[in-house]
Amino acid sequence: MDLADLHIFRSVVHAGGVTRAAEKLNRVQSNVTTRVRQLETELGVELFIRDGKRLHLSSAGKLLLDYADRLIDLAQEAREAVHDATPRGLLRLGTGESTAAMRPPVPMNEYLGRYPDVTLELRTGNTRELAADVLAGDLDAALVSEPVADAPFEKVAIYEEELVIIAAADHPPIKSPRDAKRQTVLAFESGCSYRQRLEDWFAHHGEMPERIVEITSYHAMLGCAVAGMGISLMPRSVLTTFPDAKLLSVHPLPPSIARAPISLLWRKGMLSPKVRALTEILTAHSDMPKRRRAGRKNGSSGQASANGHSRA
């Protein structure tokens, strides 16, 4: 039983099947299937219950997954230990779309200038996807919007976004979900933490949006909002990149929704020299007060803000 087989097995589990695992591993599907079968033959057990093309972990598979996680993490720790503490190699960093556009450029320029032996690979996605990729070992670290489960990760709060609702310029004030329930909501796919915040806000007041339309980029959402096609929730900072912001109205949110901490997270026990150096530089560029940042290493939210209605 070698580590490569365990890594393939773990990738199939986290990806939810052979096809997606093969894509992530950059292998052909038949190779992944063969390696899993070989591992089952070697161990003398079935690791998956096969239901047509769907795979479900067997009891033996669940047991092996725990050992695979520990063995792969220990092997990575050993690799780091036998090298010096200078960051080097590929740094795979995940981030949300708005964070990628607004936050990393300056600190990452400093990081790569200070550590020229590091190559950066940036991947965007929603909070749920990025956390899963960090857990699966496909990313070294990720900047994600809280809340994220604490147990599997170590993390530190780096930034804080103010979330607002945007609508067409002539939209009446939005002070509660009742003012917006007949509007189409423009949002990213399920798994986006900002979308979840908005849905929770509606649900807390016993309301639901009449319709949710999934959009793939913030600028598309902004354009749709200008055209009166719906409303959306997004970081206020995104508006600074939109040339037609004057054609929008901006509606502040209540304290429990408005403030969204952005944390850098990595798999527990996997603080490599690359991620350690990244943490130091991002913290130096953080816009969050030291007192609040230190108090949010496990993630929280809350901010006082006025309800109201303003133009962008």
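Read-outs throughout are calculated quantities, based only on the coordinates presented, and are distinct from any laboratory measurement. The model shown is predicted, which means the values in this text are computed figures rather than measured ones. Neighbour counts are summed over all protein chains in view; Cβ atoms, including those assigned to glycine, are modelled from backbone coordinates with ideal geometry.
Full extension of the chain between T33 and L71 yields a length gain of 11.5 nm, computed as 0.36 nm times the residue separation minus the alpha carbon distance. Counting neighbouring beta carbons within 10 Å and listing from fewest to most, the residues E210, E40 come out as E210, E40.
Translational diffusion of region 136-197, estimated by Stokes-Einstein from the Kirkwood radius over alpha carbon pairs at 10 °C in a medium of 1.306 mPa s, is 106 µm² per second.
Less than 5 angstrom separates the built amide H of E160 from those of I262, D287, all sequence-distant by 5 or more or on a different chain. Across region 228-272, the residues whose backbone nitrogen lies under 17 Å from the label position 7 Å along the beta-carbon direction of R79 are 267-272. A simple count of charges around A68, restricted to other residues whose Cβ falls under 12 Å of its Cβ and scoring Lys, Arg +1 and Asp, Glu -1, yields -2. Per residue, the chain reaches -12000 deg cm²/dmol at 222 nm when only DSSP H runs of four or more residues are counted, each adding -39500 (n - 2.57).
Separation of region 204-274 and region 124-163 by C-alpha centroid, Å? Between the Cα centre of region 204-274 and that of region 124-163, the gap is 17 Å.
Rank the residues F48, F202 as a footprinting-exposure proxy: fewest other Cβ atoms within 10 Å of their Cβ go first.
Fewest-to-most ranking of F48, F202: F202, F48.
Using bins of 5 Å that start at zero, the share of Cα-Cα pairs per bin across region 3-81 amounts to 3, 16, 26, 27, 17, 7, 3, 1, 0, in whole %. Averaging 1/r over each pair of different alpha-carbon atoms in the chain and inverting the result gives 21.5 Å, the Kirkwood hydrodynamic radius.
Taking the Cβ-Cβ separation of H56 and T240 as r and a Förster radius of 35 Å, what is the calculated FRET efficiency to the nearest 0.05? E between H56 and T240, to the nearest 0.05, is 0.15.
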